[in-house]
1. Projecting each Cα onto the charge dipole of region 65-146 (Lys/Arg +1, Asp/Glu -1 at the beta carbon, about the Cα centre), which of VAL131, TRP99, LEU67 comes out farthest on the positive side?
2. Can you pull the accessible area of ARG144 for me, 1.4 Å probe, Å² to the nearest 10?
3. How long is the gain from ALA146 to VAL131 if the chain were fully straight, where each residue apart is worth 0.36 nm and the alpha carbon distance is subtracted?
4. Please give the net charge around PRO63, taking every other residue with its beta carbon less than 12 angstrom from that of PRO63, where Lys and Arg add +1 and Asp and Glu add -1.
5. Let's test the formula: R0 of 30 Å, r as the Cβ-Cβ distance of ALA90 and ARG138. What FRET efficiency results, to the nearest 0.05?
6. Let's test the formula: R0 of 30 Å, r as the Cβ-Cβ distance of PHE83 and SER61. What FRET efficiency results, to the nearest 0.05?
7. Skip the ligands, DNA and RNA, and give the accessible area per residue of region 58-162 with a 1.4 Å probe, whole Å².
8. Ignoring everything but the protein chains, give the 1.4 Å probe accessible area of ASP139 in square angstrom, nearest 10.
Amino acid sequence: MRRVRPGAASRGSAERALTSVAAGEAYESRAHAGHGSQARESAEGATARAPRLWHVTLSVSGPEAPLEELRRGLEQLAHDHPFLLTSRYAPDHAEIRYWEEARDLHDAAAVALRLWGEHRQSARLPAWEIVGLEVIDRDTYHQRIAEGYGPLPAAPVGVHPF
C-alpha cells in the first residue's frame, strides 16, 4: 500500500514507497464482530492478527538547518504521509507524531524507522539521524491522556515550531 494522498503525482518508480499492513479480511471480520479479540481463527485453523492503530512519536536531530527549508520539508512530508498528525521543529531537531496501522509493534516501528530516510530526498529534509522513537498502541495512548500524562493530543494539527 503506497503512503501518498489520492491524486498525488508519482515521483518515479526508482523511489521506494513506505508500506503498511493492509487491513484485509481480518480487519473486516473484527469490525463486524465488535471489540472482540485481536486474533481470529482462519479457515486453516491458524491465528491471524488484525491490524491495530499505533501512535508513533519520531524524534530526529542533527546540524542546524535553515528554519524555512525545514518547515517546507516537514510540510511536504505531511503531504506525502497523510496520517501525519503534527510536526514540531527547531533549527537542530524535530519531532513527528502520527498514527500508523500495523499488525504489531514490530511492523509499526519498522515503518517509523524508515520514514525520515525514505522521505529525506523527496521532501528535501536535512540529513539528520533518528534519536528517539516511541510506539504505543491506541488503548495505551488514550489511557495516558485520560490519566493526564503522556503525549498531549496533537492540536493544532500541522507543522509548528517548538
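The values are calculated or read from the model by the stated rules, or taken from the named source; none is laboratory data. What you see is a predicted model, and the numbers here were worked out from it, not measured in a lab. Cβ atoms come from the backbone with ideal geometry, glycine included; neighbour counts cover every protein chain shown. For accessibility, only protein heavy atoms count, side chains too; no ligands or nucleic acids. Shrake-Rupley method; radii C 1.70, N 1.55, O 1.52, S 1.80 Å.
1. Of the listed residues, the answer is LEU67.
2. 50 Å²
3. Between ALA146 and VAL131, full extension yields 2.7 nm more.
4. Taking every Cβ under 12 Å from that of PRO63, the sum is -3.
5. So the FRET efficiency works out to roughly 0.55.
6. According to the calculation, E is roughly 0.85.
7. 52 Å²
8. About 120 Å², ignoring ligands and nucleic acids.
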